[in-house]
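The values are calculated or read from the model by the stated rules, or taken from the named source; none is laboratory data. Computed from a predicted model, the values in this text were never measured in an experiment. When we count neighbours, we look across all protein chains shown, and the Cβ atoms used for this are built from the backbone with ideal geometry, even at glycine. Remember, those area values only see protein heavy atoms, side chains included, never the ligands or the DNA or RNA. Shrake-Rupley method; radii C 1.70, N 1.55, O 1.52, S 1.80 Å.
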Amino acid sequence: MRRYPWAALSWLHESEVDAWCYTGGMENYPRLIQRMASERPLLGNSSETLRKVRDPFRLAHLAKEHGFLFPETRRSLAASSGDRWLVKPFRSAGGLQIRRCRDEPFVGQHAYVQREMEGTPMSLAVLSTSRQWTIMGVSQLLVGTKYGAPGEFIFAGAITTSLEEMGCGDELKEIIAAIHNDANLVGLWGVDFLLADRPIVLEVNPRWTATMPLYERVDDASLMSYHMAACREQTLIERSVKSMRVSGVAILYSAREFILDEARLAQLSNVFDLSREASLAKPEIADIPVLGTRIEVGHPICSVYADGGTSHEVEQRLQERIARTCAVLGQDVSWGRERHFPE
């Protein structure tokens with residue numbers, strides 16, 4: 001959609017949909033969400049809720065009030081303290097535009113600074129009504145140039161795991177309860193955190209996240225029906241986890257500019273057998289650009305999925321499928337090692 005996200009309002013006005021929901025960074029535009037919600041019923045979190053959970057200073061206060069960990073957050077740094085700090089934009093998604101603070105006392109009104117913390121990046125998926133909530137799943141995030149992303153903090157994929165493996169399930173549940181009660185979140189939403197001695201909350205994603213399809217693959221169920229029931233009927237559908245399967249996704253970013261032509265698209269279709277019905281229900285590759293799309297350096301090309309019995313097995317399959325896709329598209333394979341994009 002051109003002029004995204006602003007064109008969404010006119011699209012909604014001209015459409016015949018009964019209701020709508022948002023994803024992909026639109027939570028950064030609460031005024032737009034409010035205008036669209038007045039046009040058609042919103043299945044998701046209101047602009048008021050967005051302003052609460054997307055405010056890092058409010059989250060910092062909530063953490064202090066309830067005793068969970070959140071990085072020290074400031075509007076600026078008066079002087080270098082010798083510690084490592086990150087500059088984060090107020091409007092961001094997927095780790096875009098996050099950078100290290102380089103002895104700069106002021107970062108402007110559109111960003112803030114946050115103390116860098118050590119830990120494994122993780123994501124938690126939650127389903128809630130206004131009265132109750134349940135954890136849908138947890139994943140380890142694949143972040144940065146090691147996994148082919150064009151930046152140190154950019155999202156590059158995820159692999160599911162379990163609360164039992166992490167050993168901090170009780171504290172995470174207390175954190176979810178505090179956030180839910182404060183902001184009245186509904187439907188599907190997520191929390192990004194660092195797994196250290198204790199979980200360190202980083203941000204709340206008040207909408208469908210990039211890890212949600214992984215829990216659909218694990219459960220063999222559509223999560224959108226869960227989301228709709230939670231928003232419309234204030235009902236949590238009982239889940240039925242059918243296996244101990246692990247699922248993963250990897251985002252392939254372009255290291256060189258190219259156009260997706262008919263020959264490359266046909267090769268992708270042959271390699272991944274896209275004509276099979278099973279490839280639609282549980283694809284190995286998804287988010288393929290429209291024919292003729294010009295993919296610039298550092299931009300995402302597509303998503304690759306894999307399932308298996310262990311996280312190691314899933315990571316190997318993701319790496320293999322990334323390599324097959326790169327061979328078709330003439331891209332460098334950089335999974336598992338540092339990747340440097342041209343300036």
Global form of the chain, assessed from the alpha-carbon gyration tensor, a/c cut-off 1.5: rounded
Pairwise label distance in nanometres, MET117 with ILE237, each label 7 Å out on the Cα-Cβ vector: 3.3 nm
Estimated FRET transfer efficiency (ALA263, ASP170; beta-carbon r; R0 56 Å; 0.05): 0.55
Sparse-neighbour loop sites [trypsin sites (Lys or Arg not before Pro); the stretch 122-204; at most 12 other C-beta within 10 Å; DSSP]: ARG131
For the chain, built as a Gaussian network whose Cα springs stay under 10 Å, the top-fluctuating residue of ARG317, ARG51, ARG294: ARG294
Listed residues ALA229, ALA263, ALA111, most fluctuating in the chain (Gaussian network, C-alpha, under 10 Å): ALA263
Mean-position separation - Cα centroids, the stretch 1-33 and the stretch 207-235, in angstrom: 20 Å
Distance-filtered residues of the stretch 207-227 - backbone nitrogen under 18 Å, label point 7 angstrom along LEU12 Cα→Cβ: 207-209
Other-chain or far-sequence residues with amide H under 5 Å of ALA156's (modelled H): LEU142, VAL143, GLY144
Accessible surface, per residue, of the chain when the full set of protein chains is kept, probe 1.4 Å, Å²: 51 Å²
Formal net charge of residues neighbouring LEU268 (Cβ-Cβ distance under 14 Å; K, R +1; D, E -1): -1
Extension gain from GLN316 to LYS146, taking 0.36 nm per residue of separation minus the Cα-Cα distance: 59.7 nm
The chain - share of DSSP beta bridges that are antiparallel (%, nearest 5): 95 percent
Sites ARG100 and TYR4, calculated FRET efficiency, Cβ-Cβ separation with R0 30 Å, nearest 0.05: 0.60
Share of carbon and sulfur in the accessible heavy-atom surface of the chain [1.4 Å probe, %]: 49 percent
Listed residues TYR147, TYR215, TYR22, most fluctuating in the chain (Gaussian network, C-alpha, under 10 Å): TYR22
